[in-house]
Amino acid sequence: MALLWTIVEVMVALILLVLFGLVCVIIFEAYRRRHNNDHVEASAIFEDPNSLKKVPCPSLTDPAEKYLSLIIPAFNEEHRLPGALDETLNYLQQRASKDKSFSYEVLIVDDGSVDGTKRVAFDFVKKYTVDNVRIILLGRNHGKGEAIRKVSLSYKIHLICCDIVKQGMLHSRGELLLMLDADGATKVNDLEKLESQIHAVARKDYHQGDSAAGDSSFRISDVPVAAFGSRAHLQEKALATRKWYRNFLMKGFHIVVLLTAGPGIRDTQCGFKMFSRAAARKLFKNIRLKRWCFDVEIVFLCKRFNIPMVEISVNWSEIPGSKVNPLSIPNMLWELALMSAGYRTGMWKIAK
């Protein structure tokens, strides 16, 4: 019996030692990433493919030049990207032809692809002109969150110092900024649902009612609002058709997200989100996570900034070629642990 107790004590001690070591590693890594949201304070430029002149990128702090910016992160999407871009640009052109005040840009971020993604993207730049379609090449894979942050106006990026130019959405030109996946899983015209809700929330919060739309002093870009596309209404059907490990991942992830970021958004991982320019200014200069869980960090920061969030059901279909696999689970848990440690200990300062 004494031997048994000794073995139990040793095992408990080892478990506690491992847990202590894990906590130390999490704290150390969170501390190391405390400045991950920093950007290079140098002038980002892009090269106009027509004149070959170097032009400074505008800043998100500047007035909007377009009504809508669509940001598409792409990693090895040679086969799925063409269909998604065709659908997206057809919709945008049809809308622009009906409404002369509607303007847009599509920003494609090649996140270090090793296939023909770059070639596909450049074909669309040539077809639709650099004013409407632009591409940034990150050179190496950074992760979806970092790709979205690092969107700029680039056709060809010139790097300043040893870092990539200022974070993503901080160089887009839209009053509203929509992030969407390269696989075309969500129908692009569903952006109108998010758009209308952002306008509705803005009018309500600023007590301007329907008159806000006709008030020349009202700018949707100045009102911080976030709209999240959601697949929660499809959950029952998805459970029956989706692979078992993706169901397991979804259920477990939702529980951990609830504990980390709190309630409010049922589907944080849908890659279809829209932000007003004012909301993007606050959120994307603070984002530190680069991969799977940057969506959760967005929700967490929205709550910290008291940015209104709306969740809207969207049409969604599963497209073959998903990057999610069982190995994503520990990566997600790791990032959530870092986020929790970083913000709750105060190591990750929030820039107002």
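The values are calculated or read from the model by the stated rules, or taken from the named source; none is laboratory data. In this text the structure is predicted, and so the values were computed from the model without any measurement. Methodologically, a virtual Cβ is constructed for each residue, glycine included, from the backbone with ideal geometry; neighbour enumeration extends over all protein chains shown. Just the protein is used for accessible areas: all its heavy atoms, side chains included, with ligands, DNA and RNA removed. Shrake-Rupley method; radii C 1.70, N 1.55, O 1.52, S 1.80 Å.
Within the range 197-210, can one find any residue that is surrounded by fewer than 19 Cβ atoms within 10 Å (Cβ to Cβ), at pLDDT below 60 and of a type in the set (Ser, Thr, Tyr)? Within the range 197-210, none of the residues are surrounded by fewer than 19 Cβ atoms within 10 Å (Cβ to Cβ), at pLDDT below 60 and of a type in the set (Ser, Thr, Tyr).
Applying the criterion of being at pLDDT 85 or above and in a helix (DSSP H, G or I) to the residues of the range 171-189, the residue that is most open to solvent (accessible area, probe 1.4 Å) is Asn189. Inside the range 71-107, residues that are assigned to a strand (DSSP E or B) and either open to solvent by 30 Å² or more (accessible area, probe 1.4 Å) or among the hydroxyl-bearing types (Ser, Thr, Tyr) (or both) make up a count of 1. Counting residues in the range 120-129 that are part of a loop (DSSP other than H, G, I, E, B), at pLDDT 65 or above and surrounded by fewer than 15 Cβ atoms within 10 Å (Cβ to Cβ) gives one or more.
Conditions tested, residue by residue: (1) hydrophobic (A, V, I, L, M, F, W, C); (2) at pLDDT 85 or above; (3) out of contact with any Asp or Glu (no Cβ under 7 Å at 6 or more places or on another chain).
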| residue | (1), (2), (3) |
| --- | --- |
| Tyr31 | no, yes, yes |
| Phe46 | yes, no, yes |
| Asn50 | no, no, yes |
| Pro56 | no, no, yes |
| Gly83 | no, yes, yes |
